[in-house]
Amino acid sequence: MRHFLDISSVSRDELVSLLFEAQKLKAAHLRGEANSLLSRKLVGLIFEKPSLRTRVSFEAAVIHLGGRSLFLPAQEVGLGWRESVPDFARTMNHYVDALVLRVFKHSTLIAMTDCSEVPIINGLSDIAHPCQTTADLLTMQELFGDLKGRTVVFVGDGNNVARSLALGCGTLGIRFRLAAPKGYGFDDAFRTAFRKHSPKGSLESVIDPIKAVRDADIIYGDVWTSMGQEDEREKRLRDFAHYQINAKLLAAAPKHARVMHCLPAHRGEEITDEVVDGDRSVVFQQAGNRLHAQKAILAWLLTK
C-alpha cells in the first residue's frame, strides 16, 4: 500500500513523475478538458487544524478528477480520544478510497498507516508538509524549467514546511539554504535524515539573510509563529525582526529571483505588502498549483 507522508517517502523518479503528471493535469484543466480518473472514488478529509488552501484544493482536485470528497472536522472524529486511531482506520477502510489528514502530530499518521488499507496523504503535520512542497516544486519548474543547480533560500525557522522543501530540493539537485537566527535551524535528527535521503544534496544554514539571498533563485517565506506556537509569539517577533522579506532583502538578490510563501501570510511581519503584491512574487501562482499537484498525488495513489 502506497502512502504520501513526506517527500522522503518518494524516490527521485517518482517525484519527477508526479511533477510531470501535475503539469499535464494543469494543462488539461486550462483547456477545459473533463477528467474521470477518480470516477466512483471517495476521498475522506480529516482535519484537526484549520485550513483554507489544503481543504479547498483537495476538495476541488477530487471533483476535477470525477470523484467525491467527504470532510470530517476534528471534533466529530475525535482521533485518539473519542476512539483509537487503529479503530478509526479499520472502520474507514470500508468507507473511503483514500484519506487526507491534517494533524497536530505526525505520529497520528504513522499509526494510521499501520492499520489502513487505503492510501494516507499528509495534508500537514508537525513534521512535514509534502503536498505544499510538491506544489512549490511545480511552481519552480514552471519558472525555470530544469531545476538542478538552482538555489532556494528559506527565510524563517526550520519548520515542517522548510523540512519538506529541503528534502524535495535535495531530491532534485537544488541547493537549499536556511536563513534563520541561532536556535531556529534544523536539528541534528533532521540533518541526518536529509543526508540519508539525499547523500549528495546541498543543505546550508546562514545567519545573515542578506548574505543568504545573494545568489538566490527563490526566496521563500513562512509565518514566524505557526499554529501551536502562540505562547512564543513575542519572543519570535523579536528574534526574527531582521528576517523580514522586504524591498531591502530583494535588492540584495539577483533580479531574476522570485518570492514564494506557503500562506497564510502575516503581512507586515515576515513579509511586506510591497513584496507579496509585487512583480517578483509568485505567491498566488504557487497557491493555485496546490490544486494540480494534489491531483497528481491522488492519481498516483488511486490509479494504476
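Observations on the structure shown:
- LEU37 over 25 Å from LEU138 (Cα atoms), in contact with a Leu (Cβ under 7 Å, 6 or more places away or on another chain) and either acidic (Asp, Glu) or open to solvent by 30 Å² or more (accessible area, probe 1.4 Å) (or both): no
- Top-ranked residue of the stretch 201-222 - restricted to ones that are in contact with a helix residue (DSSP H, G or I) (Cβ under 9 Å, 6 or more places away or on another chain) and in a loop (DSSP other than H, G, I, E, B), ranked as nearest to VAL10 (Cα to Cα): GLY201
- Any hit, the stretch 83-102, residues being within 21 Å of the chain's Cα centre (by Cα), among the basic types (Lys, Arg), under 30 Å from LYS26 (Cα atoms) and buried (at least 21 other Cβ atoms within 10 Å of the Cβ): yes
- Inside the stretch 1-21, residues that are crowded, with 16+ Cβ neighbours inside 10 Å, within 19 Å of ILE120 (Cα to Cα) and aliphatic (A, V, I, L, M) make up a count of 5.
- Sub-9 Å Cβ pairs linking a first residue in the stretch 86-114 that is in contact (Cβ under 8 Å) with a residue 24 or more places away in the chain to a second residue that is among the aromatic types (Phe, Trp, Tyr) and buried (at least 21 other Cβ atoms within 10 Å of the Cβ), at least 6 apart or interchain, are VAL100/PHE58; MET112/PHE88, ordered by first then second residue.
- Count of the stretch 109-126 residues which are of a type in the set (Ser, Thr, Tyr), more than 15 Å from the chain's Cα centre (by Cα) and under 23 Å from ARG290 (Cβ atoms): 1
- Residue match in the stretch 244-254 (condition: touching a helix residue (DSSP H, G or I) at 6+ places or on another chain (Cβ under 7 Å), open to solvent by 40 Å² or more (accessible area, probe 1.4 Å) and under 24 Å from LEU138 (Cα atoms)): no
Residue by residue, here is whether (1) on the phi > 0 side of the Ramachandran plot; (2) among the acidic types (Asp, Glu); (3) at pLDDT 95 or above holds:
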| residue | (1), (2), (3) |
| --- | --- |
| CYS169 | no, no, yes |
| ASP187 | no, yes, yes |
| GLY201 | no, no, yes |
| VAL206 | no, no, yes |
| ARG214 | no, no, yes |
| ILE218 | no, no, yes |
| SER226 | no, no, no |
| GLU234 | no, yes, no |
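- Identity of the residue in the stretch 273-297, part of a loop (DSSP other than H, G, I, E, B) and open to solvent by 30 Å² or more (accessible area, probe 1.4 Å), that ends up farthest from LYS255 (Cα to Cα): ASP277
- Hits in the stretch 1-39 - residues which are in contact with a helix residue (DSSP H, G or I) (Cβ under 6 Å, 6 or more places away or on another chain), of a type in the set (D, E, K, R) and part of a helix (DSSP H, G or I): ARG12, GLU21, LYS26
- For the stretch 271-288, the set of residues classified as within 15 Å of THR139 (Cα to Cα) and of a type in the set (A, V, I, L, M, F, W, C) consists of VAL282, VAL283, PHE284, ALA287, listed by residue number.
Every residue, every condition in (1) more than 25 Å from LEU203 (Cβ to Cβ); (2) of a type outside the set (Val, Ile, Thr), yes or no:
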{"residue": "GLY80", "(1), (2)": "yes, yes"}
{"residue": "VAL85", "(1), (2)": "yes, no"}
{"residue": "ALA89", "(1), (2)": "yes, yes"}
{"residue": "ASP136", "(1), (2)": "no, yes"}
{"residue": "ASP146", "(1), (2)": "no, yes"}
{"residue": "CYS169", "(1), (2)": "no, yes"}
{"residue": "GLY173", "(1), (2)": "no, yes"}
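- Inter-residue pairs, beta-carbon under 6 Å, first within 19 Å of GLY123 (Cα to Cα) and modelled with pLDDT of 95 or more and in the stretch 275-290, second open to solvent by 30 Å² or more (accessible area, probe 1.4 Å) and basic (Lys, Arg), 6+ apart: ALA287/ARG53; ARG290/ARG53
- Qualifying residue in the stretch 189-200 (condition: in a loop (DSSP other than H, G, I, E, B), open to solvent by less than 10 Å² (accessible area, probe 1.4 Å) and either within 27 Å of LYS105 (Cβ to Cβ) or without any contact (Cβ under 8 Å) to a residue 60 or more places away in the chain (or both)): yes
- Against the test of being over 21 Å from LEU298 (Cβ atoms) and at pLDDT 95 or above, the options SER116, SER107 yield a single qualifying residue, SER107.
The values are calculated or read from the model by the stated rules, or taken from the named source; none is laboratory data. What you see is a predicted model; the values in this text were computed from it and never measured. Every residue, glycine among them, receives a Cβ derived from its backbone with ideal geometry; neighbour counts consider all protein chains shown. Remember, those area values only see protein heavy atoms, side chains included, never the ligands or the DNA or RNA. Shrake-Rupley method; radii C 1.70, N 1.55, O 1.52, S 1.80 Å.
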